[in-house]
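Remarks on the structure that follows.
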Amino acid sequence: MGSINIRPHFQNRALLKHTHTQSLYAMNAGDGPLSYVQNSSYQRGIIDVAKPIIEQEIATKLDIKQIYSNNPNGFCTIADFGCSTGHNSFPVMQLITQAINRKLEYSSHKIPEFHVYFNDVVTNDFNTLFSSLPRDRLYSAAAVPGDFHGRLLPEHSLHFGYSAWSLQWLTEIPKVVADRDSPAWNKGEILYRGDIKEVCEAYLEQYSRDIESFLKSRAVEMVGGGLIAFLVPGVPEFWNPEIEYSFPSGLNLLGSCLIDMAKQGRLSKPKVDSFNLPFYFTTQQQLKAILERSHSFSIERMEILDNPGKYTLASANARAAFFRAGLERMLTNHFGSEIIDELFDLYTKKLIASPVFVNPDNDKSIVILVVLKRKID
Ligand SMILES: C[S@@+](CC[C@H](N)C(=O)[O-])C[C@H]1O[C@@H](n2cnc3c(N)ncnc32)[C@H](O)[C@@H]1O
């Protein structure tokens, strides 16, 4: 009997590769008080700012001919990579389908069928997403669970890709930061701080590798002339941690709570030492350098957006709930669920006590909007 040949690029890399890292834990499920649905107004804020830009890019740059090549009846495939429970994704999917529709109304082409693929990790709460799909949508919807650094969709099938607040997730913690004998050992911290060059470099290298594998997979999936828009959280080239904060410093403050709890005997110290967050917050220049190395995509637009969502986290409780909705499953997996309430109570107290964190105007985190076009081979 002959053996069955399974094409390896569709294997579930999430299960094969990431079993022992802190990566790939989904956002808090459902729509209750601690859910991502209820605690992602920060992320939601940037969408209204990005919408008119995405609309304009579709109107001026999307290559309509590609939607109909080898496909005379026309269908248009859109995917959101890292959609979570969908409530921040739906308005963007609506906007993209409407913008393409509008563009085609003025052409001789038939309006295509729209198919939207919602991607996230396998543990994502897709039930909440599908039970809250808007009724008046222009598209059919399907889930594509799996790691977006690998192949998810058929070759040459994707016309428009989108990803918001997701590319900061690394596939794994750089090994050297967990190695006691390495100059890049990140002792007692849960994320790079900026003061140990080797630690920052290790995180940046992992980030570059991950963005490159994301683009490599999308290059196979996308049609030539198709567009992909990203909203990527990052940090400015320079900011002053004495009087300002950004994503990494907010997370380092959480790390200081874990250390305090270890000192009080509430957690084991080696457990804290072995916990590292799989995130990297890029600068615009670092991201540009990575994207420019791609032979498959051209950069059509790249700019820093000001996020009005920061004013929705004006209270320490709201800021703590925002981090909790994104990190709880990862923290629970490493430390157990019994410490989570205490950890975030302590975090809230530290936020209140800090003169830097009390004012959202001090939040210097940035969001980088990037629009790439798949080159025609
Ligand atoms: C902060 S949420 C952003 C959700 C949504 N895009 C928004 O704008 O609110 C990041 C999402 O990316 C997903 N994610 C992270 N790494 C991923 C990967 N390698 N493959 C697929 N999804 C991933 C997470 O599970 C999470 O749902």
Inset, instruction - Please tell me if residue 91 is within 16 Å of the ligand (Cβ to nearest atom) and in a helix (DSSP H, G or I). - result: yes
Inset, instruction - For segment 135-156, state whether one or more residues are open to solvent by 20 Å² or more (accessible area, probe 1.4 Å), polar (S, T, N, Q) and closer than 26 Å to residue 28 by Cβ. - result: no
Legend entry - Any hit, segment 34-54, residues being open to solvent by less than 10 Å² (accessible area, probe 1.4 Å), within 23 Å of residue 169 (Cβ to Cβ) and in contact with an Asp or Glu (Cβ under 7 Å, 6 or more places away or on another chain): no
Legend entry - Scan of segment 183-201 for residues that are under 19 Å from residue 168 (Cβ atoms) and small (Gly, Ala, Ser), ordered by number: 194
Legend entry - Number of the condition not met by residue 51 [criteria: (1) more than 26 Å from residue 369 (Cβ to Cβ); (2) within 16 Å of the ligand (Cβ to nearest atom)]: (1)
Inset, instruction - Would you check if there is a residue in segment 285-293 being without any contact (Cβ under 8 Å) to a residue 12 or more places away in the chain, out of contact with any Pro (no Cβ under 7 Å at 6 or more places or on another chain) and closer than 22 Å to residue 252 by Cβ? - result: no
Inset, instruction - Identify, from the list 101, 88, 71, the residue that is out of contact with any strand residue (DSSP E or B) (no Cβ under 6 Å at 6 or more places or on another chain) and either within 30 Å of residue 327 (Cα to Cα) or open to solvent by 50 Å² or more (accessible area, probe 1.4 Å) (or both). - result: 88
Inset, instruction - Could you check, for segment 216-235, whether at least one of its residues is closer than 30 Å to residue 343 by Cβ and open to solvent by 10 Å² or more (accessible area, probe 1.4 Å)? - result: yes
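The values are calculated or read from the model by the stated rules, or taken from the named source; none is laboratory data. What you see is a predicted model; the values in this text were computed from it and never measured. In this analysis, Cβ positions are derived from the backbone assuming ideal geometry, glycine residues included, and neighbour counts consider all displayed protein chains. We work out accessible area using only protein heavy atoms, side chains counted, and drop any ligands, DNA or RNA first. Shrake-Rupley method; radii C 1.70, N 1.55, O 1.52, S 1.80 Å.
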